[in-house]
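One structure is given below, encoded as structure tokens.
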Amino acid sequence: MYQVGKEFNPNKMNFHKEIENIFDQIVAWRRHLHANPELSFEEKNTSAFICDLLDKWGVSYSREYGGYSIVASLKGREGEKCIALRADMDALPIQEENTCEYKSKVSGCMHACGHDVHTANLLGVLAILKDHTDLFGGTIKFIFQHAEEKLPGGASIMIEKGVLQNPKVEEIYGLHVFPDLEVGKVGFRSGMYMASCDELYFRIIGKGGHGAMPHKTIDPIQISAQIIQALQTVNSRSFDPTIPSVISIGRIEGLGATNVIPDEVKMQGTFRTLNEEWRAKGHELITEIAKGIAKANGAQCEVEIIKGYPYLENDQELTESAMAAARNTLGEERVIDLPIRMTGEDFAYYSQKIPACFFRLGVRNEEKGIIHGVHNSKFDVDEACFKTGVQTMLGIVLDRMS
Ligand code: NI
């Protein structure tokens, strides 16, 4: 393992020249993917584009892990160890508002979460490593994953179909663009990093009537207000305060009028946390509270919780080692510590199965006006990020597999 400050062998760890040589190529791949986005579970042309490159390079791959996913493999020197690098490749149902030459050609569809960048970056890593298989021992799986943005998530399908087996993957790494972080930097967090995300649906069934005669109704509007308040109390009083968790109600629908109390109210929300036990307990409490309050008021409440992605845990040893490798290849000042995020990511499924490290790639450049967040119609990246992204991945791989 490389220690901070320890001298590294530049021939082995520093790929500046190789990256420089293929940089324009990586940018071209990214721009092609950006201009031709495809939604989750529909990544047919994206997948074909990757397969064409792999065929051209003579790199073996498998398409048996579900959807349009591709898993390419590189074998290095003798060795049992197998690690995986993962990039997601789906786009979002957003109309792009950028006017750059590589803007989306598909109406209502955009790479607004940078998955085009993740894919091009991993292709860059693969393009270099395929010519340097003498530098690592064992096998590297390159996972080009479909459908990160849509439940049940490509990762869960690929794991079910055995992507982490044959050979057994011991460690997995992935990166994600981060518009809050300046280009040239990368960010890491050891331990709990991203939240589980579950969808909450409530239907409060009361008895409607005239707004002037509430005593003859069972008012579901008033009950919904009680439930919303109580859910926030659950969050602050019943949950372990050392485990971050959030309940937000984002939609309420009660179709009464100024003088009409409706029969029912529907509500939707999200529940996020960073611990699977608390997550299960939270589901129980949310259900009991909503049903209990409705019952106490003579109403009924149906509760449906649709489970999304689990929480993402970054393995401590992998993360510390990856940070050290990143510091050695990029320099100390370009590697930062990240706070916890309450957003979700299906990479979490891998982290529930094997030691994993998911880190962030800085893409922000205020001078160029590249400041917009992901899932924004003006999102873009400073493509110089590929120099950092490819270098960091290579540093990690060669550190762990040399
Ligand atoms: Ni994303």
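The values are calculated or read from the model by the stated rules, or taken from the named source; none is laboratory data. All of these numbers come straight from a predicted model, not from anything done at the bench. Every residue, glycine among them, receives a Cβ derived from its backbone with ideal geometry; neighbour counts consider all protein chains shown.
Consider segment 130-151. How many of its residues are more than 16 Å from the ligand (Cβ to nearest atom), touching a strand residue (DSSP E or B) at 6+ places or on another chain (Cβ under 9 Å) and not β-branched (Val, Ile, Thr)? Summing the residues that are more than 16 Å from the ligand (Cβ to nearest atom), touching a strand residue (DSSP E or B) at 6+ places or on another chain (Cβ under 9 Å) and not β-branched (Val, Ile, Thr) in segment 130-151 gives 8.
Checked against (1) under 30 Å from Gly254 (Cβ atoms); (2) assigned by TED's automatic domain parsing to the domain that holds Val117; (3) surrounded by fewer than 19 Cβ atoms within 10 Å (Cβ to Cβ), Gly344 meets all criteria but (3).
Just give me the residues in segment 44-63 being closer than 22 Å to Ala91 by Cα, in contact with a helix residue (DSSP H, G or I) (Cβ under 9 Å, 6 or more places away or on another chain) and of a type in the set (Ser, Thr, Tyr), in sequence order. Listed by number, the list holds a single entry, Thr46.
Here the condition is being of a type in the set (A, V, I, L, M, F, W, C), within 16 Å of the ligand (Cβ to nearest atom) and in the same structural domain as Lys368 (by TED's automatic domain parsing); of Val117, Val125, Val106, Val71, it holds for Val117 alone. Looking across segment 324-370, the residues that are farther than 30 Å from Pro167 by Cα and of a type in the set (Gly, Ala, Ser) come down to Gly331, Gly362, Gly369.
Residue-by-condition table, conditions (1) outside the structural domain of Ala120 (by TED's automatic domain parsing); (2) more than 16 Å from the ligand (Cβ to nearest atom); (3) free of Cβ contacts under 8 Å to residues at least 12 places away in the same chain:
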position	(1), (2), (3)
Ile157	no, yes, no
Gly162	no, yes, no
Asp180	no, no, no
Gly184	no, yes, no
Phe188	no, yes, no
Gln222	yes, yes, no
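Each row is one residue, and each column tells you yes or no for (1) modelled with pLDDT under 95; (2) hydrophobic (A, V, I, L, M, F, W, C); (3) more than 16 Å from the ligand (Cβ to nearest atom).
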position: His32; (1), (2), (3): no, no, yes
position: Pro37; (1), (2), (3): no, no, no
position: Ala48; (1), (2), (3): no, yes, yes
position: Lys75; (1), (2), (3): no, no, yes
position: Lys81; (1), (2), (3): no, no, yes
position: Ala84; (1), (2), (3): no, yes, yes
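Which ones in segment 58-101 are assigned to a strand (DSSP E or B), farther than 18 Å from Met158 by Cα and within 23 Å of the chain's Cα centre (by Cα)? Ala91, Leu92, listed by residue number.
Only residues that are under 17 Å from the mean Cα position of the chain (by Cα) and β-branched (Val, Ile, Thr) were counted in segment 345-380, giving 3. For segment 318-359, filtered to residues that are among the acidic types (Asp, Glu) and in contact with a strand residue (DSSP E or B) (Cβ under 9 Å, 6 or more places away or on another chain), the residue that is nearest to the ligand (Cβ to nearest atom) is Glu345. Look at (1) surrounded by fewer than 21 Cβ atoms within 10 Å (Cβ to Cβ); (2) under 20 Å from the mean Cα position of the chain (by Cα); (3) closer than 25 Å to Ser196 by Cα; (4) not hydrophobic (A, V, I, L, M, F, W, C) and you find that Glu320 fails only one, number (2).
Test Leu122 against the stated conditions and say whether it is touching a residue at least 60 places away in the same chain (Cβ under 8 Å), assigned to a helix (DSSP H, G or I) and within 21 Å of Asp382 (Cα to Cα). Step through it out loud before you land on a result.
Numbers: touching a residue at least 60 places away in the same chain (Cβ under 8 Å): yes; assigned to a helix (DSSP H, G or I): yes; within 21 Å of Asp382 (Cα to Cα): yes.
Here the answer is yes, as Leu122 does meet what is asked.
Here Asp399, Asp382 are screened, and the one residue that is at pLDDT below 95, charged (D, E, K, R) and more than 16 Å from the ligand (Cβ to nearest atom) is Asp399.
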